[in-house]
Each structure stands twice: as C-alpha cells, then as structure tokens.
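Enquirer: Below are the structure tokens for one structure; questions will follow.
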Amino acid sequence: MTEKDLIDLGFEKEIGAPDESDWFYYVYDFAPGFSLISCASDEIVNGEWSVEIFEADEFNTFSKIDLHQFIKAVEKLRKKVK
C-alpha cells in the first residue's frame, strides 16, 4: 500500500516533533479510542506501508483492498448507531 493509498482512504498525516519533521505516520479515527494507525515513515518495508488497529498490532495489513473493506464495514456500523 502506498502513501497515496492511505491519503485516498481518508487517513490523516501526523508529523513528529518539530526536530523530526521527516518522521511521520498516518491515522484514521473512527471514534475516541478506536483508530487505525500506519507504520512510521522510517518503518516502511519495500516501499509498502502497513496499517494496524491502534493498540492491537496483531491486526495488521499491507492490503489497500482489505483496509478499504474494513473501513467501509466499520463506518456502516457506526452510522447505524447514530
């Protein structure tokens, strides 16, 4: 998955401290306490970004398709609760 894929899926870029402006990652917030987080810019493997559920790194993907389906499903459920 590329950086552009993350942006296309609605992830927001989070930049490190001012002295680490070249270090960043991406976040997709569903609700307080429930987010997706990408690997950091210095952890990219073969040009591919990975994404996991925040605080649950056993759920990890490099697939834009899987991630899109997951986001779509969670967003659908979230809207039903409103």
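Enquirer: Scan 45, 51 and give me the residue that is closer than 17 Å to residue 2 by Cα and surrounded by 13 or more Cβ atoms within 10 Å (Cβ to Cβ).
Expert: Just one listed residue meets the conditions, 51.
Enquirer: In addition: So the check is Cβ under 6 Å with 6+ separation or different chains; which pairs have a first residue in segment 53-82 that's farther than 15 Å from residue 11 by Cα and in a strand (DSSP E or B) and a second one that's modelled with pLDDT of 90 or more and of a type in the set (A, V, I, L, M, F, W, C)?
Expert: 59/53
Enquirer: Looking at 53, 65 in this structure, which one is of a type in the set (Val, Ile, Thr) and over 9 Å from the mean Cα position of the chain (by Cα)?
Expert: Sole residue among the options that is of a type in the set (Val, Ile, Thr) and over 9 Å from the mean Cα position of the chain (by Cα): 65.
Enquirer: Considering only residues of segment 25-52 that are among the charged types (D, E, K, R) and touching a residue at least 12 places away in the same chain (Cβ under 8 Å), which is nearest to residue 9 (Cα to Cα)?
Expert: Here the residue is 29.
Enquirer: On to the next question. Any chance you could count how many residues in segment 14-42 are within 9 Å of the chain's Cα centre (by Cα), closer than 17 Å to residue 4 by Cα and among the polar types (S, T, N, Q)?
Expert: Residues meeting the conditions: 1.
The values are calculated or read from the model by the stated rules, or taken from the named source; none is laboratory data. All figures in this text were calculated on a predicted structure; none of them were measured in a lab. Cβ: placed from backbone, ideal geometry, glycine included. Neighbour counts: every protein chain shown.
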